1. Going by amide H atoms built from the backbone, whose H comes under 5 Å of the H on His157, apart from near neighbours?
2. HN-Hα J couplings of region 103-114 from phi, Karplus 6.51/-1.76/1.60, θ = phi - 60°, integer Hz, Gly and Pro as x?
3. Fewest to most neighbouring Cβ within 10 Å: what's the order for Val203, Val74?
4. Choose one of Val160, Ala132, Gly174: the residue whose Cα lies farthest towards the positive end of the charge dipole of region 121-208 (beta-carbon charges +1 Lys, Arg; -1 Asp, Glu; about the Cα centre).
5. Can you give me the long-range amide H partners of Gly112? Hydrogens built in the peptide plane at 1.01 Å from N, cutoff under 5 Å, separation of 5 or more residues or another chain.
6. Evaluate the Kirkwood expression for the hydrodynamic radius of the chain, namely the inverse of the mean inverse distance over all pairs of different C-alpha atoms, and round to one decimal in Å.
7. Which ³J(HN,Hα) values in Hz, rounded to whole numbers, follow from the phi angles of region 91-99 under the Karplus curve 6.51 cos²θ - 1.76 cosθ + 1.60, where θ = phi - 60° and Gly and Pro get x?
8. Can you work out the base-10 log of I(q)/I(0) for region 10-185 at q = 0.09, 0.14, 0.18 1/Å, using the Debye formula on its C-alpha atoms alone?
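Please treat every number below as a calculation from the coordinates, not as lab data. A quick note: this is a predicted structure, and the numbers were derived from the prediction, not measured. Backbone-built Cβ (ideal geometry, glycine too); neighbour counts: all protein chains shown.
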Amino acid sequence: MKSTSKIYTDKDSNLDVIKGKRIAVLGYGSQGRAWAQNLRDSGLNVVVGLEREGKSWELTKSDGITPLHTKDAVKDADIIIFLVPDMVQRTLWLESVQPYMKKGADLVFAHGFNIHYKLIEPPKDSDVYMIAPKGPGPTVREYYKAGGGVPALVAIHQDVSGTALQKALAIAKGIGATRAGVIPTTFKEETETDLFGEQVILVGGIMELMKAAFETLVEEGYQPEVAYFETINELKMLVDLVYEKGITGMLKAVSDTAKYGGMTVGKFVINEDVRKRMKEALQRIKSGKFAEEWVEEYGRGMPTVVNGLSQVQNSLEEKIGNQLKDLIQKGKPKS
Ligand SMILES: NC(=O)C1=CN([C@@H]2O[C@H](COP(=O)(O)OP(=O)(O)OC[C@H]3O[C@@H](n4cnc5c(N)ncnc54)[C@H](O)[C@@H]3O)[C@@H](O)[C@H]2O)C=CC1
Ligand SMILES: CC(=O)[C@](C)(O)C(=O)O
Ligand SMILES: [Mg+2]
Ligand SMILES: [Mg+2]
């Protein structure tokens with residue numbers, strides 16, 4: 001184990017290093033919309049670069065930010081931030097950024113995928129760095145507006161100017177991340193851990209665990225509504241406890257019966273075999289096999305993602321969840 005050498009906060013970062021510099025945020029989706037608005041509200045000079053005048057274009061304007069065609073946005077930009085989907089970045093780079101950008105402009109990422117797997121090979125005279133928020137875009141915006149911030153990782157791939165870290169921390173401050181904390185990492189560590197996290201726990205692991213538990217109860221004849229509350233809806237309340245008070249806090253809030261059952265049966269279900277598979281999943285990420293497979297899937301129009309989404313949408317648990325939605329919302333505290 002090697003712990004972090006430093007956690008950066010507001011006092012380690014200074015917006016002045018990038019004040020007045022022209023920042024082009026490419027893409028206006030989950031992260032792009034949050035970053036552009038947070039950076040603008042932090043007093044920085046932001047434009048948004050988009051390929052087409054469609055939905056994102058209109059949204060940008062209605063949020064009070066100037067949308068430009070990508071090539072016009074990058075033309076005068078000092079800092080170019082890639083916030084389009086990972087699989088779109090290479091083509092965007094080759095067709096609309098590289099030929100038009102100012103020599104030596106900074107290239108900035110929110111995830112290391114394209115640099116780490118060498119889908120983008122940046123020019124030698126650019127600073128290349130990453131600020132990777134550890135949370136979804138809408139949360140990055142929501143926390144910032146409320147005076148807080150979502151924690152992030154920073155990494156430097158190329159530091160030609162000698163000031164890449166200061167600039168990365170200034171952007172982290174501009175999006176609110178230093179109000180929480182920013183941990184230094186490498187493109188390799190961020191990419192591999194981010195992919196691992198979303199595959200085995202945050203997205204893949206939790207989703208399959210919820211589905212498997214729900215279906216087990218329903219197959220055994222229990223009412224789907226009861227199964228939904230038990231295996232899907234209540235998860236948020238327990239995760240919230242972990243978020244606020246740690247695993248210990250969660251354990252203290254549940255009954256002794258749940259503590260005993262959880263401690264013994266948890267290990268029986270999530271056993272050594274599961275850990276072996278987690279290692280296998282990590283191995284596929286480290287070897288580049290996962291990246292290769294994903295690039296190929298994307299090239300075929302993402303059939304697995306499209307079909308998977310429609311299967312989830314049409315599943316019994318989603319139907320039950322939708323039926324119970326009003327009732328669940330009614331019980332939530334109004335804040
Ligand atoms: N979604 C998230 O919460 C997180 C995302 N990231 C990273 O942030 C980056 C952006 O991801 P998201 O915000 O999820 O992207 P997204 O999928 O929300 O981006 C959509 C936006 O990208 C643009 N776009 C989409 N397709 C395009 C195309 N074919 N050509 C040109 N522009 C196109 C449009 O402006 C659209 O609004 C990625 O590197 C991702 O790994 C990092 C942390 C969390
Ligand atoms: C939200 C986030 O951090 C993820 C799961 O890694 C992603 O959306 O790629
Ligand atoms: Mg992530
Ligand atoms: Mg991710």
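1. Under 5 Å from the amide H of His157: Val128, Tyr129, Met130.
2. Going residue by residue, I get 4, x, 5, 6, 10, 10, 10, 10, 7, x, 2, 5 Hz, with x marking Gly and Pro.
3. Val203, Val74
4. Final value for the positive-end residue is Gly174.
5. Thr191
6. Value: 22.2 Å, from the Cα pair sum.
7. Residue by residue, region 91-99 yields 5, 4, 4, 5, 8, 10, 10, 3, x Hz.
8. Log10 I(q)/I(0), no solvent term: -0.25, -0.65, -1.15.
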